[in-house]
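Below: one structure, written as structure tokens.
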Amino acid sequence: MIAIDWGTTSLRAFRIDADGNIIGTRRSTQGVLAAAGNFESVLRVEIDGWDDALIVMSGMIGSRQGWREVAYVECPAGLDEIAAAMVPLAPPSLPGRQIWLVPGLSVRDERGANDVMRGEETQICGLVDALGTRRHRVCLPGTHSKHAEIRNGRVERFHTAMTGELFDVLCKHSILGRLMDTNMPHRSAAFLRGVDDAREPRDLLNQLFAVRTLGLFGTLQADELPSYLSGLLIGHELNDLPADTGELHLVAAERLLELYTEALARRGVRAVNHAELAAARGLRALAVRRGLT
């Protein structure tokens with residue numbers, strides 16, 4: 001089968017054999033935005049030479065801006081509920097292919113506020129077998145970081161933090177970025193100072209402006225400020241972890257795994273790291289559960 005994680009800005013394709021081994025990978029910048037509605041033609045190009053009949057796709061390709069909107073599945077939900085809500089496609093230019101879209105997940109908190117994920121649920125599905133039946137906490141760092149509570153293989157609840165997007169916006173489009181040198185390597189001491197400062201009983205908006213004054217008065221150098229800001233934002237994200245959190249499962253690219261592992265260690269929490277290939281494994285698990293392979 002072919003498993004595709006098709007997000008807003010990128011596309012990742014995996015070719016998986018009958019035993020579940022990943023035998024091919026491809027990456028593309030033809031995300032949903034770049035594809036501009038030409039999803040059939042983009043898909044044909046990206047899977048050229050892969051003749052597998054079954055294609056299962058997740059991510060923003062199943063959103064309102066994607067190929068076809070697939071309704072969210074409400075939590076609690078696991079493999080059974082997600083697989084049952086998958087939707088087939090039959091594009092005329094891809095005859096002989098079985099194409100399926102995976103739904104995202106939604107949750108409503110005690111205040112009645114909604115939260116959603118689309119794409120990350122497949123990464124969680126790829127961890128289910130490894131996690132077992134106990135309660136686990138999973139974090140999927142990124143542009144919009146997801147924190148999920150998993151119990152008996154099902155997502156009970158989750159919430160989103162706009163950590164990555166806020167960091168990018170502040171560095172590129174705010175006055176904070178004027179003092180920063182963003183091309184320098186990670187500065188661990190400055191990063192951990194930010195993680196520590198996030199625990200202070202101060203308002204985040206005030207702390208963000210303090211990033212500027214730390215640079216103005218030379219307390220931190222230009223090459224330290226991005227790491228400090230990263231630590232401050234990640235620290236505030238981690239403030240929402242329950243006090244009894246002993247370990248946190250992470251699924252992310254290597255650089256983010258390193259940052260979150262460093263921040264969690266500072267907070268006395270053990271990070272259990274998982275590769276991004278969890279998405280491919282999750283898509284295969286959903287295909288098996290649906291009876292497609």
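The values are calculated or read from the model by the stated rules, or taken from the named source; none is laboratory data. None of the values given here were measured: they were computed from a predicted structure. Cβ coordinates were reconstructed from backbone atoms using ideal geometry, including for glycine residues, and neighbour counts include every protein chain displayed. What goes into the accessible areas is simple: the full protein's heavy atoms, side chains included, and nothing from ligands, DNA or RNA. Shrake-Rupley method; radii C 1.70, N 1.55, O 1.52, S 1.80 Å.
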* To do: Among the residues of the stretch 160-187, write down those that are open to solvent by 50 Å² or more (accessible area, probe 1.4 Å), out of contact with any Lys or Arg (no Cβ under 9 Å at 6 or more places or on another chain), part of a helix (DSSP H, G or I) and not aromatic (F, W, Y).
  => E165, L166, D168, V169, K172, H173
* Using the structure shown, decide if D5 is at pLDDT 95 or above, within 18 Å of A287 (Cα to Cα), acidic (D, E) and under 18 Å from the mean Cα position of the chain (by Cα). => yes
* Restrict the check to the stretch 234-252 and report whether at least one residue is hydroxyl-bearing (S, T, Y) and free of Cβ contacts under 8 Å to residues at least 12 places away in the same chain. => no
* Which residues, taken from the stretch 264-293, are open to solvent by 40 Å² or more (accessible area, probe 1.4 Å), outside any loop (DSSP other than H, G, I, E, B) and free of Cβ contacts under 8 Å to residues at least 40 places away in the same chain? -> A265, R270, N273, V288
* Asked: Among R199, R193, R255, R157, which is farther than 27 Å from D109 by Cα, open to solvent by 70 Å² or more (accessible area, probe 1.4 Å) and either without any contact (Cβ under 8 Å) to a residue 12 or more places away in the chain or outside any helix (DSSP H, G or I) (or both)?
  -> R255
* **Matching option when the condition is open to solvent by less than 50 Å² (accessible area, probe 1.4 Å), closer than 20 Å to G142 by Cβ, touching a Leu at 6+ places or on another chain (Cβ under 8 Å) and among the polar types (S, T, N, Q), among T261, T245** => T261
* Asked: Quick check: anything in the stretch 209-227 touching a residue at least 12 places away in the same chain (Cβ under 8 Å), open to solvent by less than 60 Å² (accessible area, probe 1.4 Å), in contact with an Asp or Glu (Cβ under 6 Å, 6 or more places away or on another chain) and under 29 Å from R26 (Cβ atoms)?
  -> no
* Filter result for V138 (more than 25 Å from V56 (Cα to Cα) and either among the acidic types (D, E) or open to solvent by less than 20 Å² (accessible area, probe 1.4 Å) (or both)) -> no
